[in-house]
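Heads up, the thing below is written out as structure tokens.
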Amino acid sequence: KGEKGEKKAAKMEKKEAKKEKKEQKEQKIQELAMAPPKKKDDDIKTHMANERTFFKWLFYGFHIGAIGTFILTFFGEKTPLRIPMVMLIWFIAFFYIYYGLFRYFSRRRALREGLSDPREWDDPHAPLLMAGGLFFIIGGIVLYAVISHEIPNKKHGIPTASPY
């Protein structure tokens, strides 16, 4: 009786293990069926669009930096705070470049993992960030020119006194 009982128990364990394995397989199949399908034809276009967006951030950062270089070129050498303003503007320019790089890699990860949640890849505040930064920089330059009574002059970087 003891040997028959052991064989029966071993047989039952094998059946349970097979049943459990089959359930796990069915669960995996169901999980795969529930996953959003990947669009193979859109992958390349979407990745290229992500790259183009990064390049736009890169160009925007360099354009902001060009505004900083404008200060070096058009304000005179004796203008106080000229160098700190240029450094601040280039700092902001590099912020935009690194922010674009961060967004590029976060979207790339979202594309590769097939994330459909917009919070993982969408950036609704980017236009406000870009416009606000540009407004801040241009406004700061104009305000600085008005307060220091200097009008930018291209001739040898010699500032002219404002008539006001």
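What to note about this one:
- A straight chain from residue 3 to residue 128 at 0.36 nm per residue would run longer than the Cα-Cα distance by 37.1 nm.
- Residue 116-residue 143 FRET efficiency (beta carbon distance; Förster radius 41 Å; 0.05 resolution): 0.35
- Using θ = phi - 60° and Karplus 6.51 cos²θ - 1.76 cosθ + 1.60, couplings along region 69-76 (whole Hz; Gly, Pro as x): 5, 4, 5, 4, 6, 9, 9, x
- Under the convention that each Lys and Arg Cβ holds +1 and each Asp and Glu Cβ holds -1, the size of the dipole of region 1-140 around its Cα centre is about 1100 debye.
- Protection proxy ranking, peptides 58-71, 75-88, average beta carbon neighbours within 10 Å, highest first: 58-71, 75-88
- Burial ranking of peptide ranges 21-27, 107-113 (average Cβ count within 10 Å, highest at the top): 107-113, 21-27
- The dipole here belongs to region 85-156: it is taken about the Cα centre, uses +1 on the Cβ of Lys and Arg and -1 on the Cβ of Asp and Glu, and is about 260 debye.
- Computed lengthening from residue 45 to residue 108, 0.36 nm per intervening residue step minus Cα-Cα distance: 21.4 nm
Where a number appears in this text, it was derived from the coordinates with a stated rule and is not lab data. Only a predicted model underlies this, so the values are computations on that prediction, with no experimental measurement involved. Ideal geometry is used to build each Cβ from the backbone, glycine not excepted, and the neighbour counts take in all protein chains shown.
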